[in-house]
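Shown next, in structure tokens, is the structure this report addresses.
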Amino acid sequence: MTVPNSIRTGGEIDAFCGKCELNLAHTIIAMVGPKVIKVKCNTCGSDHQYRGQQPLVKATSFAAPKKSSSSSSASGAKAKTPKSAVVTISWDEQFKGKDLTKAKKYSPKETFKVDDVVDHPTFGLGLVRSVRGDKIEVGFKQEDKVLVHGKGPAPVAAPATQPAPVVGPAGVPEPGAADEPAQS
Ligand SMILES: [Zn+2]
């Protein structure tokens, strides 16, 4: 107990104010012998029994304050992430950081690799999730599709909606090479 010797009625003492929920300067208004009985908070003006100072750590276990949840410092053990926060990347988010202008037009003759952005004439934009031999799995907005790729000149499942670009010999993937004149 660190009780100052100068304690007397009308003097000041630090005490825990239940209203302010802080250790604050109080004015002593009642004493019995050397014991402080009642104090008056210098901050909020309410008088109450002297309870000494409250260790702030235990603030929650003492006279549970009915404060609204404005202060969350008391509930330190609260889980930060709710269970529902499953990390799901939305379809749009997967294209973040990707240059959609560089999306490859899908063609079975094209060769794709993981993370390539595919521009499919039917399914729209998709992201290559995996490559297995001559098959690629592409996540389109509607659904995932397994497509063929790297097929060179023999289009197996080519959608005949676009004119097949003139590609160099044996299906060398060369986007935009259609109109390139051979100059050498
Ligand atoms: Zn007070």
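The set of residues in segment 26-48 that are exposed (fewer than 14 other Cβ atoms within 10 Å of the Cβ) and either away from the ligand (no atom under 13 Å from the Cβ) or under 15 Å from residue 8 (Cα atoms) (or both) comprises 32, 33, 34, 35, 37.
Table: residues versus (1) at pLDDT below 90; (2) over 42 Å from the mean Cα position of the chain (by Cα).
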| position | (1), (2) |
| --- | --- |
| 120 | no, no |
| 136 | no, no |
| 139 | no, no |
| 159 | yes, no |
| 163 | yes, yes |
| 174 | yes, no |
| 177 | yes, yes |
| 183 | yes, yes |
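Condition check for residue 63 on (1) at pLDDT 90 or above; (2) more than 10 Å from the ligand (Cβ to nearest atom): one failure, at (1). Residues in segment 11-25 that are under 10 Å from residue 39 (Cβ atoms) and in contact with an Asp or Glu (Cβ under 9 Å, 6 or more places away or on another chain) were compared, and the one that is farthest from the ligand (Cβ to nearest atom) is 25.
The values are calculated or read from the model by the stated rules, or taken from the named source; none is laboratory data. Quantities reported herein were computed from a predicted structural model and do not represent experimental measurements. Note that we place each Cβ from the backbone using ideal geometry, even for glycine, and neighbour counts take in every protein chain shown.
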